[in-house]
1. Restricting to segment 207-230, and then to whatever is among the charged types (D, E, K, R) and over 21 Å from Thr189 (Cα atoms), can you tell me which residue is least open to solvent (accessible area, probe 1.4 Å)?
2. In segment 110-141, what residues are open to solvent by 40 Å² or more (accessible area, probe 1.4 Å) and under 16 Å from Asp47 (Cα atoms)?
3. Please tell me if Val147 is open to solvent by less than 10 Å² (accessible area, probe 1.4 Å) and either within 30 Å of Ala454 (Cβ to Cβ) or of a type in the set (A, V, I, L, M, F, W, C) (or both).
4. Identify the single condition in (1) open to solvent by 40 Å² or more (accessible area, probe 1.4 Å); (2) not in a loop (DSSP other than H, G, I, E, B) that Ile390 does not satisfy, given that it satisfies every other one.
5. When you scan segment 130-203 for helices (runs of 4 or more DSSP H) that lie fully inside it, which ones turn up with 3 or more residues that are more than 19 Å from the chain's Cα centre (by Cα)?
6. Just to confirm my filter: which helices (runs of 4 or more DSSP H) fall fully inside segment 482-594 and include at least 2 residues that are of a type in the set (S, T, N, Q)?
7. Which one of the conditions (1) in a helix (DSSP H, G or I); (2) within 24 Å of Thr171 (Cα to Cα); (3) open to solvent by less than 10 Å² (accessible area, probe 1.4 Å) does Glu346 fail to meet, given that it meets all the rest?
8. Would you please name the residue that is nearest to the chain's Cα centre (by Cα), looking only at residues in segment 404-431 that are among the charged types (D, E, K, R) and under 13 Å from Ile390 (Cα atoms)?
Amino acid sequence: MTDMEVQTRVDGFPTHRIGRYRVRAGRAFPYGAVTVPGGVNFSVYSDRATSMRLVLFENGSAEPTGELEFPEEFRVGSVYAMTVFGLDLETLRYGFRADGPFDPARGDRFDAERILLDPHARGVSGRDQWGREPDWEDPYPYRAQVVNDDFDWGDDTPLQLPYESLVIYETHVRGFTRHPSSGVSAPGTYAGLREKIPYLQQLGVNCVELLPVFEFDEFDNPRTDPATGRRLHNYWGYNTVSFFAPKAGYAATGPLGMQADEFKTLVKALHRAGIEVILDVVFNHTAEGNEHGPTLSFRGLDNATYYMLTPQGEYFNFSGTGNTVNCNHPVVRDFVLNCLRYWVSEYHIDGFRFDLAAILDRDTDGTPLPNPPLLQQLAFDPVLRHTKLIAEAWDAGGLYQVGHFPNYGRWSEWNGKFRDVVRRFTKGEPGLVGELATRMAGSPDLYEGRSSTASINFITAHDGFTLNDLVSYNDKHNEANGEGNNDGANDNHSWNCGVEGPTDSPHIRELRLRQMKNMLLILLTSQGVPMLLAGDEVGRTQQGNNNTYCQDNELSWFDWSLVETNAELLEFTRGLIAFRHAHPVLRSAEHPRGHLVPSGFPDVSWHGTRAWEPDWAHHVRVLAMLRGGRGLKRGQVADDHVYVAVNAHWEAHDLELPSLPPGESWHLFTDTGATAPHGLHRPGAEPTLEHPGRYRLGPHSAVILVGRPPADAAGQGCACARPDRQPARST
């Protein structure tokens, strides 16, 4: 008997007929719709439904072509499973009707009149083109489709780059290439982003963090721009409709139902270029909102299971969006785990950044758990074993866990404290040199007992001012969002350098450029994992809007003409990234301890205007850091010494430089106060300082110096002298 004959006998034999459809009892796992020999296996969970119907459509048809009630014998526990034979996968669309009690006080909101989206749908149609006005009368606007997992990955796998080697680039799939200046063949799509991979390689980043790509509703925004009357969208996508399906409106091939293959092609191409892919995922809430929101999927299938509810059946709102996913319910934990396993195994995703991740450690009643089962399972799951896990360690309910997020030795965190101190110090606030030193050293006060790569260092992200706006605006200007400028954060720690918004003043423009360089320099020489916001390297502006979640227009899009207009800032950023890649002393995963290494220098030491004498006084705005380069990783890695000094004062300061071992000298990599092209040099080709013992650092400026032996001694080690004064220990 051949294998094909066995398959025909076991899998291709219907046992029941429902209407014109031949069916048999299905398999409970996996959930969703998957192809089996001769048909499709449908499986859906609902604990409190009294009956379930499978609703079948042909693509483009407004009315169902068939409705099949699951026979009671097809139910296993709380799972309805049925195999339907003879379906055309190319045209098949499907949904479910769940019947049961409508009793909101008990948490039940069943409505058999509604057709519900499969929570495990691998593909979703109905919104195949971004921004196309939907049929508002359609009772089933999102239609699940079956996806064949037959993509040819070749030898591609997740890259598993070491955390400490990463330079993360946060970007938006649509916004990165939607601007008319992008020059790509399919603007605003996965395919368009793929055409920009050479730019990412030239920039030097090796990891892209994509804002949400799970299917969401861009029309989930009732507001208009008060000045233009133009409809506003949900541009960022933090309102997930379907967790297993890539956003069809981001695919040039979306109308053809090929969004999965187009996104996989993007991931494969990024991997080929040595670039990892991290997805920004939203498991804290869904697009269904509160009791006034639409019933799309979870609410109609099992509201009491999927959402946190008060004893009165109302929605807890720790997300700030109307509902909160009941993440630590056992069924929901399995849902999250299966979803992430799917993206890692079927899309080769390298990691995930979890939006409002503090919600993931709340109990079913909202109480923070000391040992959250979901976070523990994610940390130890065998499929996710080498997947990067990054937490936004706070939520809208006031739970702030930066530095003490339940991590199980696996989780990293967006370090909001790094962001805030760099912004405040750079603009000249006093009393911050001590904290800045701690943040530049990888925040050992927050991540003691963990790798320094637990700290994802950033200054800007999608939520807030861009780097350009951080030095151009004192206040947010969100009027275009239609919320009376009441949305968005007020504590931006920004400084407009003297004029609010654009200016023709050469002095202010030069100061703003210098301030942007200063912050980039601190970011890319600090221990931890740096993250850049797309467009900051070319001075992208949002005209003072710090909450562009609804702005699908030039305010949010990457303007590619800035690559030439702001070429100096771009080259500076490229140079800094190349410098970081060239110097392992800046990328250690171990926290520095201030201990001496074979060179005689500590692994980190702090300095002020005098070498080895940091000044932690409240009024001081100057800090220098020296990273001893010899003897890294117990002598296995050798590097130059790297000296970084930052001056946030409005006056210049003369710096006494630490003495180097005999035969070594200080070389200038960059000085943000120097004018182009003299402010930046190629790593390894830095000129020697004319006055090796001192350096004059201008106002609002920063400098990087490199100490290294003579060229003929390179690679031969060096007899390094002890420093001339007792080194200052790490903060």
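1. Among those that are among the charged types (D, E, K, R) and over 21 Å from Thr189 (Cα atoms), it is Asp225.
2. Asp111
3. When the stated conditions are applied, Val147 does not pass them.
4. Going through the list (1) open to solvent by 40 Å² or more (accessible area, probe 1.4 Å); (2) not in a loop (DSSP other than H, G, I, E, B), Ile390 breaks only (1).
5. Fully inside segment 130-203 and qualifying: 190-195, 197-203.
6. 506-525
7. Only one criterion in (1) in a helix (DSSP H, G or I); (2) within 24 Å of Thr171 (Cα to Cα); (3) open to solvent by less than 10 Å² (accessible area, probe 1.4 Å) is unmet by Glu346, namely (3).
8. Glu413
The values are calculated or read from the model by the stated rules, or taken from the named source; none is laboratory data. Keep in mind it's a predicted model, so treat the numbers as computed, not measured. Quick reminder, even Gly has a Cβ in these numbers, built from the backbone with ideal geometry, and neighbours come from all protein chains shown. Keep in mind that these areas ignore ligands, DNA and RNA; they rest on the heavy atoms of the full protein, side chains included. Shrake-Rupley method; radii C 1.70, N 1.55, O 1.52, S 1.80 Å.
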